[in-house]
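Okay, so here's the structure we're looking at.
The values are calculated or read from the model by the stated rules, or taken from the named source; none is laboratory data. If you're wondering where the values come from, they're calculated on a predicted model, not measured in any experiment. A quick note on method: Cβ atoms are made from the backbone with ideal geometry, for glycine too, and the neighbour counts reach across all protein chains shown. The accessibility values were calculated without ligands, DNA or RNA, using every heavy atom of the protein model including side chains. Shrake-Rupley method; radii C 1.70, N 1.55, O 1.52, S 1.80 Å.
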Amino acid sequence: MKNRLLKLMTKNQDIRFYYADVTDISKESCFPEMKTDAAKELYQKIFTICCLMRGFLEQEDQRIKIFVQYERKECYVNCNIDGEGRVHCLFSEELASFDGDISSLTGTGAYLSLTKISRMEGKVTGTIALSSHSFEQCLSDYYRQSEQTETIFIVYVNSGRVQGCMIQPLPFALREAVKAVENSVAFYRETIGEALLSFCDVVEEYTLSTDCKCRKEMFAGALLSLETEELRKSAENSGEELVCGICGKKYLFTAKEIETIIKVKEQYE
Ligand SMILES: [Zn+2]
């Protein structure tokens, strides 16, 4: 089940599950860049939930962007999930070195905004105040308020193994059945993947990856749109470092490369 998201359904088709073991893929994410235990814990949680949310994307051209602003302005998260299974979570530098109680991050002005993007429906954004201390509870609130669907997110981290499960009872599911399922998920938490397979059928499988579509040439295009004067300044300052807003990869343009870009630019002016 490496780097895969499973969509499962109970035998009597009343509750839908998404399950992923993200132990391996999280090592390829920005997780290793987290500097404190608190940041690591928060990152694992958010990254796992983003992997689960890939299940909401049915078309390849669909995307979900999540932006989380915590009470302190410098603490924020940018997440991108696309219909081909690419998942990225980018913490601000301040948040990556946050050392404290995670619950103290929320407070006045903290919010979560979720944008769904698709070719057919365009861009739809919803925002919710981050009132609850837990990220998963916040997202559950979001889905209840904005989509009128019940979605329960669960993340388990145990001896280095990171697993996530998303439970979606269908509208006709009985409360007792939902409760029973929640209890067994909690009971089998350490082997949740195996437990789910015992009372559910796998309906679909999706791949997850941390690849990004960014390439250096894309950033060269961005540099071309800058004023020549600005480019000259960065050429004098030994170049320019640009960072991909999705995966966080850094691209360095040397002074020499910038000068070439200026020449190209001048040809068209
Ligand atoms: Zn990138």
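Against the criterion of being of a type in the set (S, T, N, Q) and at pLDDT below 95, residue 3 qualifies. Pairing residues of region 30-59 that are under 24 Å from residue 140 (Cβ atoms) with residues that are open to solvent by 40 Å² or more (accessible area, probe 1.4 Å) and aliphatic (A, V, I, L, M), at Cβ distances under 6 Å and at least 6 apart in sequence or on separate chains, gives 44/157.
Can you tell me which residue is nearest to the ligand (Cβ to nearest atom) among those in region 223-244 that are out of contact with any strand residue (DSSP E or B) (no Cβ under 7 Å at 6 or more places or on another chain) and open to solvent by less than 80 Å² (accessible area, probe 1.4 Å)? Of everything passing the filter in region 223-244, 244 is nearest to the ligand (Cβ to nearest atom). One residue stands out in region 245-257 among those that are more than 21 Å from the chain's Cα centre (by Cα) and loosely packed, with under 13 Cβ neighbours inside 10 Å: the one that is nearest to residue 89 (Cα to Cα), namely 252.
Check off (1) open to solvent by less than 90 Å² (accessible area, probe 1.4 Å); (2) away from the ligand (no atom under 16 Å from the Cβ) for residue 216 and give me the number that stays unchecked. With (1) open to solvent by less than 90 Å² (accessible area, probe 1.4 Å); (2) away from the ligand (no atom under 16 Å from the Cβ) applied to residue 216, the lone miss is (2). Only residues that are open to solvent by 20 Å² or more (accessible area, probe 1.4 Å) and touching a residue at least 12 places away in the same chain (Cβ under 8 Å) were counted in region 170-183, giving 5. Can you tell me how many residues within region 13-53 are open to solvent by 20 Å² or more (accessible area, probe 1.4 Å) and either within 24 Å of residue 202 (Cβ to Cβ) or outside any loop (DSSP other than H, G, I, E, B) (or both)? Summing the residues that are open to solvent by 20 Å² or more (accessible area, probe 1.4 Å) and either within 24 Å of residue 202 (Cβ to Cβ) or outside any loop (DSSP other than H, G, I, E, B) (or both) in region 13-53 gives 15. With respect to (1) open to solvent by less than 50 Å² (accessible area, probe 1.4 Å); (2) more than 22 Å from residue 211 (Cα to Cα), the lone exception for residue 72 is condition (1). On the stretch given as region 245-264, residues that are farther than 30 Å from residue 53 by Cβ and within 16 Å of the ligand (Cβ to nearest atom) total 2. Scanning region 83-98 for residues that are without any contact (Cβ under 8 Å) to a residue 60 or more places away in the chain and not in a loop (DSSP other than H, G, I, E, B), we see that the one that is farthest from the ligand (Cβ to nearest atom) is 94.
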